[in-house]
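Following: one structure in structure tokens, then a few remarks.
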Amino acid sequence: MATATSSSEKMLFPGCVIQNRLPYIEAASRKALTKLGYKLIDMEGASCCPDPIGMQGLDQKTWLAMGARNLTIAETAKKSIISLCNGCTETLRSVNYFLNHNLHLYKDVNEILKSIGKEYHGTVDVQHVVAAIYYEIGPEKLRANVQKPLTRLKIATHHGCHFNRPTHIIDPEGKLGPWDNPTMMDEMLDALGATVIDYDERYLCCGYGITLAESGPTEKLDAIKFKSLIEAGADYLCVACPSCYLQLEGVQRILRKNNVIEKDIPVLYFTELLALALGFGAEEIGLNFHAVKPKEIIDQFK
Amino acid sequence: MTTTINFEFRNQILATHNGTTLSYCYQCGTCSGGCPSAQVTDGVYNPRKIIIQSLLGLQDKLIEKKTPNVWLCATCQKCVEQCPQDVELTEVFTLLKNMSVARGLAPKAFYSQGKTIFAEGKAIPLQAAIARRRAQLGIPEAVKPAVAEVQAIIKFTKLDQKLETVPKEEPVSKEKVANKEEGG
């Protein structure tokens, strides 16, 4: 079995949505990561990251201070963080970026943290789980560790906007690929034996960020996305973010009702597919809890 | 219709760390051309227009009248990546949003999220059914957030007071009306 590198002991930041609404994604992630050689440590006392759209929209300084407080937990433990959510990754990396580039903000935030007896230093690295697996294990080692290949599954990917954007914050070294063309999940799914489907609208935003204000524009965006997916012949959509997951799974009921699409495209989170390929059963990782059920996958990976 | 220029508003944006790139804008419109939200609102949502109105200090249009409605930004960051002048558009939008919140002019969902985070430390609190499902899936109990510390931070920045300005009725934007007329 592939073993993650010397830094394989990580703090896990599952985020509100996965921890408290989609625990099956956390289960698949924990199981797959552990099998790959990671040792995961919980972040005691961690709060909402907080939401880069919601809380940042309310008050940017509160957003930075709460994010910095979460980072201090990992700073104290001297461990880097693996995050399961594009939004949480963006928040925590943004805190590092803003506070390390702006002395005023650094001082302001530390003054806030002082009131709760904490201090932010900026010493902790935060990686999205997909990026961590790609960097530290890589497609070739994954290929060597496949127990049940994802054969015959036609899967398209949606990395999600905040997976690598804004690039100067999320990906300053340019390791995640071009800003409009990350392909990490495609490369790894190919290594796991899947038939990876390319489609025109692979980088179109899921629109989740608009739904806090209005739902109309988002449904139009998703209609464009799903038409493109179906035209390209995809049967499944693999995502890296729980917000994209909820949006792209939830919107299908509306799109079907409005006759925009005629078939379901079950949405799966990357580590769910990874866990299946590493030998875990569909039931073990809770695939039956999906709203749009991947029935054939559940049968194929009993 | 009269247009009021609010210099104080304009200067406030330009003086803030995330507004400093605003003056680089030469209005080429690359942002609006690539914007997914503009695409599905027939250009009613228009990032280029938000930037010029910020630069001109048109507070009433941006904050009160919501034309264009900055809350329709999906935060996909495409405009930030594509801008030839490196204007950090979404940072300017964040500032406009923060200014709206204290005036009770943000969408209701934002206030509710803020209140939930204040009360529970999480945007989505743990429910008993999910706690049982976690056990069923064989994963550890959910980490409990340090709610008192979260509350101390939110009180320090006085966000708790701003959250009390939540509007009774959802403010109606022109875009919303336009969308309804189109039947979408």
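Laboratory data are not the source of any read-out in this text; all were calculated from the coordinates shown. A quick note: this is a predicted structure, and the numbers were derived from the prediction, not measured. Cβ sites come from the backbone with ideal geometry, for glycine too, and all protein chains shown count toward neighbours.
Please list the non-local residues whose amide H lies under 5 Å from the amide H of A:CYS238, H modeled 1.01 Å from N, same-chain partners needing a gap of 5 or more.
A:ALA156, A:THR157, A:HIS158, A:LEU268
Counting only residues 5 or more places away or on other chains, whose amide H sits under 5 Å from the amide H of A:ILE41 once H atoms are built in the peptide plane?
A:LYS10, A:MET11, A:LEU12
Can you tell which of A:ALA77, B:LEU163, A:VAL95 lies farthest toward the positive end of the dipole of the protein assembly as shown, using +1 and -1 charges on the Cβ of basic and acidic side chains (Lys, Arg; Asp, Glu)?
B:LEU163
Please give me, ordered by residue number, the GluC sites (Glu not before Pro) of the stretch B:107-160 that lie in loop per DSSP and have at most 10 other Cβ atoms within 10 Å.
Loop-located and lightly packed - B:GLU141.
Would you list B:CYS31, A:CYS161 from fewest to most Cβ contacts within 10 Å?
Fewest-to-most Cβ neighbours within 10 Å comes out as B:CYS31, A:CYS161.
Give the order of A:HIS101, A:HIS158, A:HIS128 when sorted by the count of other beta carbons within 10 angstrom, beginning with the fewest.
A:HIS101, A:HIS158, A:HIS128
For the stretch B:76-92 and the stretch A:67-129, what is the separation of their Cα centres, given in Å?
Computed from Cα coordinates, the inter-centre distance equals 23 Å.
Could you give the spread of the C-alpha atoms of chain B along their three principal axes, from largest to smallest, in whole angstroms?
Per principal axis, max minus min of the Cα coordinates gives 56, 37, 35 Å.
Using a 10 angstrom Cβ neighbour count of at most 13 plus a DSSP loop assignment to flag exposed GluC sites (Glu not before Pro), which longest range of chain A is free of such sites?
Answer from the scan: A:174-261.
Taking all pairs of distinct Cα atoms, average 1/r, flip it, and tell me the Kirkwood hydrodynamic radius of the stretch B:7-104 in Å to one decimal place.
Hydrodynamic radius (Kirkwood, Cα only) of the stretch B:7-104 equals 13.1 Å.
Mind listing the Cα extents of the stretch A:9-128 along all three principal axes, in Å, largest one first?
That works out to 43, 29, 23 Å along the principal axes.
Can you give the alpha-carbon Rg of chain A over 2.2 N^0.38 Å, where N counts its residues?
0.99
Roughly how many whole Å is it from the C-alpha centroid of the stretch B:10-27 to that of the stretch A:188-219?
The two parts, judged by their Cα centres, are 32 Å apart.
May I ask you to compute the full-extension gain from A:THR123 to A:ALA232, defined as 0.36 nm times their residue separation minus their alpha-carbon distance, rounded to one decimal in nm?
34.8 nm
When the dipole is taken about the Cα centre of the protein assembly as shown, and only Lys, Arg (+1) and Asp, Glu (-1) are charged at their Cβ, what size is it in debye, to the nearest 20?
Dipole of the protein assembly as shown, to the nearest 20 debye: 860 debye.
For the Cα atoms of chain A, what angle does the longest principal axis make with the long axis of helix A:242-257, in degrees from 0 to 90, nearest 10?
40
Taking a label point 7 Å from the Cα of A:LYS302 along the Cα→Cβ vector, which residues of the stretch A:250-294 have an amide N closer than 15 Å to it?
Of the residues in the stretch A:250-294, A:281-284 have backbone N under 15 Å from the label point off A:LYS302.
Compute the acute angle (0 to 90°) between the alpha-carbon long axis of helix A:86-101 and the principal axis of greatest extent of the alpha-carbon atoms of chain A; round to the nearest 10°.
30
What fraction, in whole percent, of alpha-carbon pairs in the stretch A:51-96 exceed 11 Å separation?
In whole percent, the long-distance tail amounts to 64.
Using only atoms on other chains, find how many Cβ atoms lie within 10 Å of each Cβ of peptide B:77-83 and report the average.
5
For peptide B:120-132, what's the mean number of Cβ atoms from other chains within 10 Å of each residue's Cβ?
The mean count of partner-chain Cβ atoms within 10 Å per residue comes to 5.
Report Rg(Cα)/(2.2 N^0.38 Å) for the stretch A:146-253, keeping two decimals.
Ratio of Rg to 2.2 N^0.38 Å for the stretch A:146-253: 1.10.
So, R0 is 41 Å and r is the distance between the beta-carbons of B:GLN85 and A:LYS141; what FRET efficiency does that work out to, to 0.05?
0.45
Are there trypsin sites (Lys or Arg not before Pro) in the stretch A:106-211 that DSSP marks as loop and that have at most 14 other Cβ atoms within 10 Å, and which are they?
A:ARG152, A:LYS175
So if I take the alpha carbon set of the stretch B:104-154, get Rg, then get Rh from the Kirkwood formula, what is the Rg over Rh ratio?
Result: Rg/Rh = 1.10.
Hey, if you put +1 on the Cβ of every Lys and Arg and -1 on every Asp and Glu Cβ in the protein assembly as shown, which of A:LEU189, A:GLN56, A:ALA156 ends up farthest toward the positive end of that dipole?
So the residue we want is A:GLN56.
Counting trypsin sites (Lys or Arg not before Pro) as exposed when in a DSSP loop with at most 16 other beta carbons within 10 Å, what is the longest stretch of chain B free of them?
Segment B:1-64 is the longest.
Listing A:ASP198, A:ASP190 from the residue with the fewest other Cβ atoms within 10 Å to the one with the most, what is the order?
With the fewest neighbours first, A:ASP198, A:ASP190 line up as A:ASP198, A:ASP190.
Tell me the mean residue ellipticity at 222 nm calculated for the protein assembly as shown from its helices only (DSSP H runs of n ≥ 4, each -39500 (n - 2.57), averaged over every residue, nearest 500).
Result for the protein assembly as shown: -14000 deg cm²/dmol, rounded to the nearest 500.
Please identify which residues in the stretch A:101-120 have an amide N closer than 15 Å to a label point set 7 Å out from the Cα of B:ALA148, following the Cα→Cβ vector.
Zone members listed by number: A:115-118.
Suppose every K and R has +1 on its Cβ and every D and E has -1 on its Cβ; what is the size of the dipole of the stretch A:138-300 about the Cα centre, in Debye to the nearest 20?
Rounded to the nearest 20 debye, it is 240 debye.
Quick check: pseudo-label points 7 Å beyond the Cα along Cα→Cβ at A:ASN181 and A:LYS295, how many nm apart are they?
Here the answer is 3.8 nm between the modelled labels.
To the nearest whole number, what is the average tally of beta carbon atoms from other chains within 10 Å of the beta carbons of peptide B:40-46?
Average neighbour count from other chains, rounded to a whole number: 3.
What whole number of Å gives the distance from the Cα centroid of the stretch A:33-59 to the Cα centroid of the stretch A:241-302?
23
Could you point to the residue in B:CYS83, B:GLY34, B:ILE63 farthest towards the positive end of chain B's charge dipole, with +1 and -1 charges on the Cβ of Lys/Arg and Asp/Glu respectively?
B:ILE63
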